[in-house]
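Chemist: Encoded as structure tokens, here's the structure I'll be asking about.
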Amino acid sequence: MKSYTIKSYAKVNVGLQILNQRPDGFHNINTVFQELDFYDTIELKKKDSGCEFHSNVKWLRNDSTNLCVLAFEKLSEEYDIGGISINLVKKIPSGGGLGGGSSNAAAILKGLCHLYSIDPIYEKLSKIALTVGADVPFFLKGGTQIASGIGEQLVELNGIINGVYLLIIPKFKIDTRWAYKSFKKFLQRPKVEVNFADLLERDKTPFKLFENDFESIVIPAYPEIAIIKEKLWSCRPKFVSLSGSGSTVFGIFDDEAGAKSAESLFSHKYSTFIANPVTHMLK
């Protein structure tokens, strides 16, 4: 039986602006996605028909509420393919703002194309990805990209946001829908859209301008986030932020020694991971 194993990488948001609510109910955003080498592993095997799903976690079902299964269904609507057996080994937590579900879906799309020798143009595969989720198109290429619209309008950047990333993941999850709904009261305020690409091209990146708008509503509701951030800043990283709507807080350090020293302050209480930015060449 022909099989294919693929790594499904996490991401963080380095800066995130919520610009306005659209007529369709979604929100226009402005953010930088940075892919990291913290990943789930997916093994795919061909089968005659249908989708068979297995995982090391119990909260993912074998139906279209599972983005892996949904990705298979959406690709099947566009291409005449057989079935698939999926075995997902998850390390990326859900509800942490790390894009694990979207990354898994993109990995399924890419893996199916590999197994069934499909070579769609990127634009077509990206359209299929968008029907699965707003962040899924990013993970088709990954690396470092500016995202706008609902996250599907992407501009690839040369290089990476360099450093060693310490991820601190609390036990609680934050619902993204709650976060957007709670942010409505801030949308009436006038906002200047930050040119993240220009800031990243400077000799020294002014990280103080890379704010995450979600922190204004997440921190009052989850004050533990503020405690983590303050303690992490005391370790002298070059940047600290919530990723997406949370709950993951991350710090970017100049070297691994600094990240490991900071990790020792948190690992007794939280899940922690040290990761590095992914370039396109790692694909």
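Chemist: Which of the residues belonging to region 245-269 are open to solvent by 10 Å² or more (accessible area, probe 1.4 Å) and of a type outside the set (Ser, Thr, Tyr)?
Modeler: Within region 245-269, ASP254, ASP255, GLU256, ALA257, GLY258, LYS260, GLU263, LEU265, HIS268, LYS269 qualify.
Chemist: From the residues in region 270-283 that are assigned to a loop (DSSP other than H, G, I, E, B) and closer than 18 Å to GLY15 by Cα, which one is least open to solvent (accessible area, probe 1.4 Å)?
Modeler: Top of the filtered list is VAL278.
Chemist: Can you name every one of the strands (runs of 3 or more DSSP E) wholly within region 114-216 that holds 2 or more residues which are open to solvent by 40 Å² or more (accessible area, probe 1.4 Å)?
Modeler: Hits in region 114-216: 153-156.
Chemist: A follow-up question, please. Looking at LYS74, LYS91, LYS110, which is the one that is basic (Lys, Arg), under 20 Å from the mean Cα position of the chain (by Cα) and surrounded by 17 or more Cβ atoms within 10 Å (Cβ to Cβ)?
Modeler: LYS110
Chemist: Can you pull out every residue in region 248-266 that is out of contact with any helix residue (DSSP H, G or I) (no Cβ under 7 Å at 6 or more places or on another chain) and over 10 Å from GLY163 (Cα atoms)?
Modeler: Scanning region 248-266 gives THR248, PHE250, ALA257, GLY258, LYS260, SER261, GLU263, SER264, PHE266.
Chemist: Oh, and also: Go through (1) crowded, with 21+ Cβ neighbours inside 10 Å; (2) touching a helix residue (DSSP H, G or I) at 6+ places or on another chain (Cβ under 7 Å); (3) over 30 Å from THR5 (Cα atoms) one by one and return the number of the condition CYS235 breaks.
Modeler: (1)
Chemist: On to the next question. Which ones in region 69-100 are in a loop (DSSP other than H, G, I, E, B) and of a type in the set (Asp, Glu)?
Modeler: Passing the criteria: only ASP80.
Chemist: Look at GLU43 and say whether it is among the acidic types (Asp, Glu), out of contact with any Asp or Glu (no Cβ under 6 Å at 6 or more places or on another chain) and open to solvent by 60 Å² or more (accessible area, probe 1.4 Å).
Modeler: Against the criterion (among the acidic types (Asp, Glu), out of contact with any Asp or Glu (no Cβ under 6 Å at 6 or more places or on another chain) and open to solvent by 60 Å² or more (accessible area, probe 1.4 Å)), GLU43 qualifies.
Chemist: Can you name every residue in region 58-71 that is within 24 Å of LYS127 (Cα to Cα) and either touching a residue at least 24 places away in the same chain (Cβ under 8 Å) or open to solvent by less than 40 Å² (accessible area, probe 1.4 Å) (or both)?
Modeler: ASN66, LEU67, CYS68, VAL69, LEU70, ALA71
Chemist: Still on this structure, I have one more. Could you list, in sequence order, the residues of region 200-230 that are more than 18 Å from GLY244 (Cβ to Cβ) and touching a residue at least 40 places away in the same chain (Cβ under 8 Å)?
Modeler: Across region 200-230, the qualifying residues are LEU200, THR205, LEU209.
Chemist: Of all residues in region 80-121, which are in contact with a helix residue (DSSP H, G or I) (Cβ under 6 Å, 6 or more places away or on another chain) and farther than 30 Å from SER241 by Cβ?
Modeler: Across region 80-121, the qualifying residues are ILE84, ILE86, LEU112.
Chemist: If a residue must be buried (at least 21 other Cβ atoms within 10 Å of the Cβ) and either polar (S, T, N, Q) or more than 22 Å from SER241 (Cβ to Cβ) (or both), how many such residues does region 1-16 contain? Give the steps one after another, and end with the answer.
Modeler: First, the residues of region 1-16 that are buried (at least 21 other Cβ atoms within 10 Å of the Cβ): 8-16.
From what is left, the residues that are either polar (S, T, N, Q) or more than 22 Å from SER241 (Cβ to Cβ) (or both) are 8, 13.
Final tally of qualifying residues: 2.
Chemist: Considering only region 231-283, how many residues are of a type in the set (D, E, K, R) and without any contact (Cβ under 8 Å) to a residue 40 or more places away in the chain? Walk me through how you get there before you give the answer.
Modeler: Initial filter on region 231-283 (of a type in the set (D, E, K, R)): 231, 236, 238, 254-256, 260, 263, 269, 283.
Restricting the remaining residues to those that are without any contact (Cβ under 8 Å) to a residue 40 or more places away in the chain gives 231, 236, 260, 269.
Selection size over region 231-283: 4.
The values are calculated or read from the model by the stated rules, or taken from the named source; none is laboratory data. Every value quoted in this text rests on a predicted model; they were computed, and no experiment measured them. We place every Cβ from the backbone using ideal geometry, glycine too, and count neighbours over all the protein chains shown. Note: areas computed on protein heavy atoms with side chains; ligands, DNA, RNA excluded. Shrake-Rupley method; radii C 1.70, N 1.55, O 1.52, S 1.80 Å.
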